[in-house]
Amino acid sequence: MAWLEQKNSGTYHVVFRIGEEKLRRSLKTKCLNEASSRQNRIEENLRLVEAGRLEIPDDSDLVTFLLSDGKLNQQVRVPKRTRIGKLYNLYVDSLPEDSMEDNSLSTASIHMQHMAKNLPANLELRDLATEDLQTYINDRAKQPGQFGKNVSSTTIRKELVR
């Protein structure tokens, strides 16, 4: 048997016992109808477990498992978003200490500054498309480099690899 508790914030929590363990989870709603619906789902899934029609995996988050009708074993985790503007800092932070000479680090910084000028800093890495990179390459190849020549393909490759 599961029951609802309403906290001071107005948010409902579902509470139930399974075996000797008492479990509680916020339902993240202030609506009684929605909370009751989730409570009923948990009670139905507990009956299925008792009847042997639903098996709880050993490594699962029990409340999430019951709320999802046995589809999820753990709470959903939102992947961390990485933006182009923060890529250089992540790169430098990932390097072991003293693994790169100062002048090489300085060169990498220059390459990243060129990328930051030509790609939107708020662009998420997972949204970066092949077309974005090709546009970067085309634009960068037209920019002036050293000795009055345009930026070389070698330099552009180094910028993309870092």
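A short reminder: the numbers here are calculations on the coordinates, not readings from a lab. All values derive from a computational prediction rather than experimental measurement. Please note: Cβ atoms are built from the backbone with ideal geometry, for glycine as well, and neighbour counts cover all protein chains shown.
Fewest neighbouring Cβ atoms within 10 Å first, the residues Leu87, Leu48 line up as Leu48, Leu87.
If each DSSP helix of 4+ residues adds -39,500 (n - 2.57) and the sum is divided by the residues in the chain, what number results at 222 nm, nearest 500 deg cm²/dmol? Don't skip to the answer; put the middle values down first.
Working: 6 runs with 75 residues, N = 162.
One gets -14500 deg cm²/dmol as the mean residue ellipticity at 222 nm.
Model label points for Arg53 and His13, set 7 angstrom from Cα along the Cα-to-Cβ axis, are 3.1 nm apart. Where Rh denotes the Kirkwood radius from the mean inverse Cα pair distance, what is Rg over Rh for the range 2-67? Radius of gyration over Kirkwood radius for the range 2-67 works out to 0.98.
If r is the Cβ-Cβ distance from Leu160 to Asp102 and R0 is 22 Å, what FRET efficiency results, to the nearest 0.05? Please report the intermediate quantities before stating the final value.
On the way: r = 23 Å, r/R0 = 1.03.
Calculated transfer efficiency: 0.45.
Computing mean projected area of the Cα convex hull in nm² for the structure here picks out one of [x] 12.5; [y] 16.2; [z] 9.1, namely [y].
Counting pairs of alpha carbon atoms under 8 Å apart in space and at least six apart in sequence, what relative contact order in percent does the range 84-161 give? Before the final figure, lay out the partial values.
Working: 44 pairs, mean separation 25.2, N = 78.
After rounding, I find 32 percent.
Put simply, the amide H of Arg25, placed in the peptide plane, has neighbours under 5 Å in Val14, leaving out anything fewer than 5 places away on its chain.
Given axes a ≥ b ≥ c from the Cα gyration tensor, I'd like to know whether the range 84-161 is rounded (a/c under 1.5), prolate (a/b larger than b/c) or oblate. Could the numbers behind the result be given before it?
Details: a/c = 2.36, a/b = 1.17, b/c = 2.02.
Oblate shape, in that a/c is at least 1.5 and b/c is the bigger or equal ratio.
Given H placed 1.01 Å from N in the peptide plane, which residues other than close sequence neighbours of Arg83 have an amide H under 5 Å from its amide H? Placed amide hydrogens put Leu125 under 5 Å from Arg83.
Among Lys80, Lys7, the ranking by other beta carbons within 10 Å of each residue's beta carbon, starting with the fewest, stands as Lys80, Lys7.
Neighbour counts of C-beta atoms inside 10 Å place Met112, Met100, Met1 in the sequence Met1, Met100, Met112, starting with the fewest. 3J(HN,Hα) couplings calculated from phi for the range 121-137 with the Karplus curve 6.51 cos²θ - 1.76 cosθ + 1.60 (θ = phi - 60°) are, in sequence order, 5, 8, 5, 6, 4, 5, 8, 5, 9, 4, 4, 4, 5, 5, 4, 4, 4 Hz; Gly and Pro show x.
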